[in-house]
Amino acid sequence: MKKATTIISILLGIILIVFGLNKFLNFMPPMELATSGMEFMGALIKTGYMMTIVALVEIITGILIVINKYRALALVILFPVLLNALLFHVFLDPVNALPAVFAVAMNIFLMYTSKDRYQELFKA
């Protein structure tokens, strides 16, 4: 289990760092999206801040996950971002949903492997 946790942590962290940096540096071509998905993304980009925040969250949490520093906190912060990405694809661009499914699954797996760190949150 420890080996799987390490591999998945590194994989998820690198994916987050690369996609976060891509939002600033544009070194990968944009993903082809359905019309409704393009409209939604266009609205987020027009805010002038939303995609910057998403990129920073991806980069920072990706680094924290890879170096195993505050990993449990990084996973909690990251979860709503990845869940929103998954829901975006499910409802607005289902053809491209698979990578988001894997990202959410990796996040949940890593949270499960450190579930003892979250027990205090659920005490009354």
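For E32, the conditions (1) exposed (fewer than 15 other Cβ atoms within 10 Å of the Cβ); (2) among the charged types (D, E, K, R); (3) part of a helix (DSSP H, G or I) are fulfilled apart from (3). Being over 13 Å from the mean Cα position of the chain (by Cα), farther than 15 Å from T5 by Cβ and either buried (at least 19 other Cβ atoms within 10 Å of the Cβ) or of a type in the set (A, V, I, L, M) (or both) is a description that does not apply to L86.
If you go through region 33-53 and pick out every residue that is closer than 16 Å to L92 by Cβ and either touching a residue at least 12 places away in the same chain (Cβ under 8 Å) or within 17 Å of the chain's Cα centre (by Cα) (or both), you end up with 9.
N68 meets each of the listed conditions (1) surrounded by 13 or more Cβ atoms within 10 Å (Cβ to Cβ); (2) of a type in the set (S, T, N, Q); (3) in contact with an Asp or Glu (Cβ under 9 Å, 6 or more places away or on another chain) apart from (3).
The residue list F91, F79 contains one member that is more than 19 Å from N22 (Cα to Cα), surrounded by 14 or more Cβ atoms within 10 Å (Cβ to Cβ) and of a type outside the set (S, T, Y), which is F79.
Considering only residues that are part of a loop (DSSP other than H, G, I, E, B), of a type in the set (G, A, S) and without any contact (Cβ under 8 Å) to a residue 40 or more places away in the chain, which ones fall in region 68-119?
Of region 68-119, the ones part of a loop (DSSP other than H, G, I, E, B) are 68-70, 93, 97, 114, 118.
If we keep only those that are of a type in the set (G, A, S) too, we end up with 97, 114.
Scanning region 68-119 gives a single hit, A97.
Rule-based calculations on the coordinates, nothing more; no lab input. Predicted model only: the values in this text are computed from it and were never measured. All Cβ positions, glycine included, derive from the backbone under ideal geometry; neighbour counts span all protein chains shown.
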